[in-house]
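The numbers here are math on the coordinates, done by the rules we state, and not lab data. Not measured: the values here are computed from a predicted model. FYI the Cβ positions are ideal-geometry reconstructions off the backbone, even for glycines, and counts take in every protein chain you see.
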Amino acid sequence: SDAICNFVICNDSSLRSQPIIFNPDFFVEKLRHEKPEVFTELVVSNITRLIDLPGAELAQLMGEEDPKLPGGNSIASGFLRSLMSLKRKEKGVVFGSPLTEEGIAQVSQLIEYLHKHLRAEGLFRVPGNSIRQQILKDALNSGTDIDLDSGEFHSNDVATLLKMFLGELPEPLLTHKHFHAHLKIADLTLFDEKGNKTSTPDKERQIEALQLLFLILPAPNRSLLKLLLDLLYQTAKKQDKNKMSAHNLALMFAPHILWPRNVTANDLQENITKLNNGVTFMIKHSQKLFKAPAYIRECARLHYLGSRAHASKDDLDLLTSPSSKELQPLKSQKRSRLDPCHQEETQQRTEEALKELFRHVHNMPDSAKKKKLIRQFNKHPTALTPGADVRTPPAQRRTRSRSFSGLIKRKVLGTPVIMERKSRDVTPEPERASKENIHLLQKCGSPAHVSQAKLKFLEGRKEDSCRRVRARLLSKESSSL
């Protein structure tokens, strides 16, 4: 009965194009079967988020206490419970016995037959023939094969027998311990703008609460409930033929699937309307109630993918919000804190990328676009510039000199060197290289610290000065002669 994922290799090329069937509730079912305590705690914590369950009712829902039912009734215990169990076994393997998979397999024949006869007027309301019903009941108890399509039985016989089977169960299909939770779900209503409770049902919260409550039903109860509600949903869709609306069907089945056993209508006088309306709501929305909420599926998936943190719906809404896409996942943040080497490597790569971007911008030809990019760098020096070793104060950038001495100063101080203009744009500077320039040049040591173009320019200026000195000497000699 466990949920097992089978992988089959298919060599038939004609079947490879068929769509792959994926069960979104696979991890939910896996968690339910492998770790029922964890699963129950996860689901119940979200149920209590939607409805207010006092301590006693919560203990009853968790199975820690026997349910206290209307009319002073409670679950039989001890000798009386054992005696009732023996009486049920004498009745047969299906009717009057606790719900089992074998019993569901027998009763599913009745449900399958009724799906073919939904147009019968008064279905589930008009009683069938008692003799044919007894014959059919004995056959189901004995486990013999039944041919319902032979024409021996009428649809009203089968419908009445299905109600009889549900009515003879030891407890209602929705179980005793869920009774108080269903009463609270019926009270879920909308709030107005001022926060006051209204009389309008909050359908979305009711559906969500029923989805959660059905998840913690025993597996046989949940399976039969799904088959039954689907049958009643299809029956209500044909109400123009069978005259059975969802509300009429709820009146027929609420005593069998929701009312506690051995209680009368007088015992439920205060809540009978809530119970009937609750079953009507289940029939109308049956196609949505057996899907696990998205946050339950996500928590179950994360449980088997390494994350042990179970988030509620509110937490999941925060994680799936559009703004959360810009944030680093919590798991990555934790790994970064625990792994300083990884964090340092990431920071180093970021700085290298920023340095490359910084150099690329400064190497661009002078243009309005370049000036705009440089202004952006200046506005965010800590975020866009590659580290303190290449940043310069804003004042120094504004007073940057384009002289040769300024070039050497910027290089010595670690300021990025602007790419030299093309040879056609380079014009000789009027001022000579001073002693300070020569001293700084000698301090640099290697010619690699300055550009080749500036070194050539310096050598040319030296040769010019030598020529002028020679010319003066020659002129003095000639004048003396």
**Fill in**
Residue separation between residue 269 and residue 200 times 0.36 nm, minus their alpha-carbon distance, gives in nm 22.7 nm
**Asked** Expressed as a whole number of Å, what is the distance separating the alpha-carbon centroids of segment 350-366 and segment 212-265?
**Response** 70
**Item:** Highest to lowest packing among 252-260, 96-104, scored as the average C-beta count within 10 Å
**Value:** 252-260, 96-104
**Request:** Filter the GluC sites (Glu not before Pro) in segment 137-226 to those in DSSP coil with at most 12 other Cβ atoms within 10 Å of their Cβ, and list the result.
**Result:** 152, 193
**Item:** Packing-based ranking, highest mean first, of 24-33, 265-274, 194-203, 286-295 given that Cβ atoms within 10 Å are counted
**Value:** 24-33, 286-295, 265-274, 194-203
**Request:** Could you sort out which of 137/243; 184/243; 35/68; 194/288; 116/284; 238/288 sit more than 24 Å apart by Cα distance in this structure?
**Result:** 137/243; 184/243; 35/68; 194/288
**Item:** Prolate/oblate/rounded label for segment 186-297 (Cα gyration tensor, a/c 1.5)
**Value:** rounded
**Item:** Cut-off under 5 Å, modelled amide H: who pairs with residue 190 long-range
**Value:** 198, 200, 202
**Prompt:** Between segment 102-171 and segment 30-64, what is the C-alpha centre distance in whole Å?
**Reply:** 35
**Prompt:** In terms of the Cα gyration tensor, with a ≥ b ≥ c the square roots of its eigenvalues, is segment 86-170 rounded because a/c is under 1.5, prolate because a/b exceeds b/c, or oblate?
**Reply:** prolate
**Prompt:** Between residue 240 and residue 100, what FRET efficiency comes out of the Förster formula 1/(1 + (r/R0)^6) with R0 = 35 Å and r the beta carbon distance, rounded to 0.05?
**Reply:** 0.40
**Item:** Per-residue ³J(HN,Hα) for segment 99-107, Karplus 6.51 cos²θ - 1.76 cosθ + 1.60, θ = phi - 60°, Hz, x for Gly and Pro
**Value:** 5, 10, 5, 5, x, 5, 4, 5, 6
**Item:** Simple spin-label estimate for residue 357 and residue 56 in nanometres, 7 Å along Cα-Cβ
**Value:** 6.6
**Message:** So, R0 is 45 Å and r is the distance between the beta-carbons of residue 144 and residue 190; what FRET efficiency does that work out to, to 0.05?
**Reply:** 0.30
